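**Student:** Mind looking over this structure? Questions follow.
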Amino acid sequence: PGVIELPGGKLMVIFAGEQPSLDITMAAKELGDNQNAPRDLALVIVSANLNGTVFSDGPEETGGYYGYYGNWILQKNRGVVWLTNFTGSSKYTWEGATRIKATRVGAGIKDKVLVLYEMWRGADYL
């Protein structure tokens, strides 16, 4: 993932994931696949000391995942802001972002962030 340090002791973390990120029905149905849905770009802004404070205005999602021994582990995500919404009708046509790089562009309080990433579809580089 890309990580950008922001003013005020905050970090912007940019990553790729599946929407919705904690979909219980999809997790049970697709258990064992390496990709269960298109991989979209998202971000979350958190405290730089990683104390659990979330500053970004995304929804709260609850769900979970299967642990190493097959047990269900509850999880909650807060503040995730989705940047893309890739599509595809099957795992062979799903598009996904990978190899994310992020950098600041500009100076001062109105800095912008440039995000670069590669696009893949199944076994194809786009």
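**Student:** Just reorder Leu43, Leu74 by solvent-accessible area, largest first, 1.4 Å probe, all chains present.
**Tutor:** Leu74, Leu43
**Student:** Per-residue accessible area for Trp94 at 1.4 Å probe radius, Å² rounded to 10?
**Tutor:** 40 Å²
**Student:** What are the ³J(HN,Hα) values, in whole Hz, obtained from phi via the Karplus relation 6.51 cos²θ - 1.76 cosθ + 1.60 with θ = phi - 60°, for each residue of region 94-107 in sequence order, with x given for Gly and Pro?
**Tutor:** Using θ = phi - 60°, the values come out as 4, 9, x, 8, 8, 6, 6, 10, 9, 8, 7, 10, x, 9 Hz.
**Student:** Check Gly58: other-chain or 5+ apart residues with amide H under 5 Å from its amide H, H built from backbone geometry?
**Tutor:** Those lying under 5 Å, H to H, from Gly58 are Gly79, Val80.
The values are calculated or read from the model by the stated rules, or taken from the named source; none is laboratory data. In this text the structure is predicted, and so the values were computed from the model without any measurement. Keep in mind that these areas ignore ligands, DNA and RNA; they rest on the heavy atoms of the full protein, side chains included. Shrake-Rupley method; radii C 1.70, N 1.55, O 1.52, S 1.80 Å.
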